[in-house]
1. Considering only residues that are in contact with a helix residue (DSSP H, G or I) (Cβ under 9 Å, 6 or more places away or on another chain) and within 16 Å of Leu152 (Cα to Cα), look in segment 179-203 and name the one that is surrounded by the most Cβ atoms within 10 Å (Cβ to Cβ).
2. Just a yes or no: is a residue in segment 230-237 at pLDDT 85 or above, of a type outside the set (Gly, Ala, Ser) and closer than 24 Å to Leu80 by Cα?
3. Out of Ala154, Ala150, Ala117, Ala124, which single residue is touching a Lys or Arg at 6+ places or on another chain (Cβ under 9 Å) and modelled with pLDDT under 75?
4. Considering every residue within segment 246-267, establish whether at least one is surrounded by 15 or more Cβ atoms within 10 Å (Cβ to Cβ), more than 21 Å from Leu138 (Cβ to Cβ) and at pLDDT below 90.
5. Any chance segment 78-94 includes a residue that's crowded, with 22+ Cβ neighbours inside 10 Å, modelled with pLDDT under 80, farther than 28 Å from Met114 by Cα and under 18 Å from the mean Cα position of the chain (by Cα)?
6. Name the residue, out of Arg164, Arg159, Arg130, Arg184, that is modelled with pLDDT of 90 or more and of a type in the set (Lys, Arg).
7. Listed residues Leu74, Leu138, Leu97, Leu104; which is assigned to a helix (DSSP H, G or I), at pLDDT below 80 and of a type outside the set (Ser, Thr, Tyr)?
8. Which residues, taken from segment 4-31, are surrounded by fewer than 17 Cβ atoms within 10 Å (Cβ to Cβ), at pLDDT 75 or above and more than 18 Å from Leu43 (Cβ to Cβ)?
Amino acid sequence: MLAILLHLLPTSAYALLAAYYWRVQNTGAALDSRPATTRNVRLVLLTAIIVQGLALHEDMFQGSQMRFGFSTALAMMSWLAIAVYWIESLYARLEGLQALGLPLAAVCALLPLMFPAPLLTVDAGSAAFRAHFIVAMLAYSLFTLAALHALLMAAAEKRLHRGRMSRALASLPPLLTMESLLFRLISVAFLLLTATLVSGVLFSEVLFGKAVTVSHKTVFAFVSWAIFAALLFGRHVWGWRGRKALRWTLAGFLALLLAYVGSRFVVEVLLGRG
């Protein structure tokens, strides 16, 4: 019962906060004109983040054993992305991200209840494995936030060209500022993904108890790495920006999503294997 509540509480909070932000944006009320309400909203979101973190820990770690699947991966990616957003929102106005991120977080928070994760045949108590796992999840979450950021920028750019900016989009920082933030997110996430892939290849037997193999997961992970490497190279050498940068960002994120979440969804749900 407690485990169910740990999932339902953050799900409800994310859904209610998403509805709140949608209402505020559609009625044109300024969030910063109500500091007490803003503080309360931040506190509710922080509480939801903490509770979901406890739920994920209870789901995944059972002594030296670990349960992890596509549902847990999506829940953790969205959870970390929301946590990073919460910190980021203390320094920058990114109100449009709530409308994209919170509904997604609400859905993902329920997935571990609907699709319990299988038991992994790894030593989850190993410090090396936990370090590898944390770095990988941080990379995934930052790329998730970057993808949401790119979608928000694409919407703002499209409305700007049409001369019809919504109140929520109009309150965002200038596109150049958002673009600079996007590439900072991608740069940090790319370094974390590089560390994940290098450690996974060089220390596969230590981390997973077997040598690295060529699989859909490995192929898509390296495809994603190559896409983001090309994007950062193009940005540095040719000054890629605007729609081209957004397309490459979303393509890289899609490949990364297929690397683990897609392959595990096929194995666990479509094929019915653990």
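1. Taking segment 179-203 as the starting set, the residues that turn out to be in contact with a helix residue (DSSP H, G or I) (Cβ under 9 Å, 6 or more places away or on another chain) are 179, 181-183, 185-197, 199-201, 203.
If we keep only those that are within 16 Å of Leu152 (Cα to Cα) as well, we get 179, 181-183, 185-186.
Values: Glu179: 20, Leu181: 19, Leu182: 22, Phe183: 20, Leu185: 21, Ile186: 27.
The residue in question is Ile186.
2. Start the filter on segment 230-237 by keeping residues that are at pLDDT 85 or above, which leaves 230-237.
Of the ones still in play, those that are also of a type outside the set (Gly, Ala, Ser) are 231-233, 235-237.
Checking which are closer than 24 Å to Leu80 by Cα leaves us with 231-232.
Yes; the residues of segment 230-237 include at least one that is at pLDDT 85 or above, of a type outside the set (Gly, Ala, Ser) and closer than 24 Å to Leu80 by Cα.
3. Working: Ala154 fails: modelled with pLDDT under 75; Ala150 fails: modelled with pLDDT under 75; Ala117 fails: modelled with pLDDT under 75.
Ala124 is the lone residue from the list that is touching a Lys or Arg at 6+ places or on another chain (Cβ under 9 Å) and modelled with pLDDT under 75.
4. Scanning segment 246-267 turns up at least one residue that is surrounded by 15 or more Cβ atoms within 10 Å (Cβ to Cβ), more than 21 Å from Leu138 (Cβ to Cβ) and at pLDDT below 90.
5. no
6. Values: Arg164 fails: modelled with pLDDT of 90 or more; Arg159 fails: modelled with pLDDT of 90 or more; Arg130 fails: modelled with pLDDT of 90 or more.
Of Arg164, Arg159, Arg130, Arg184, the one residue that is modelled with pLDDT of 90 or more and of a type in the set (Lys, Arg) is Arg184.
7. Values: Leu74 fails: at pLDDT below 80; Leu138 fails: at pLDDT below 80; Leu104 fails: at pLDDT below 80.
Of Leu74, Leu138, Leu97, Leu104, the one residue that is assigned to a helix (DSSP H, G or I), at pLDDT below 80 and of a type outside the set (Ser, Thr, Tyr) is Leu97.
8. Ile4, Leu5, Leu8, Trp22, Arg23
The values are calculated or read from the model by the stated rules, or taken from the named source; none is laboratory data. All values derive from a computational prediction rather than experimental measurement. As a convention, Cβ positions derive from the backbone with ideal geometry for all residues, glycine included, and neighbour counts pool all protein chains shown.
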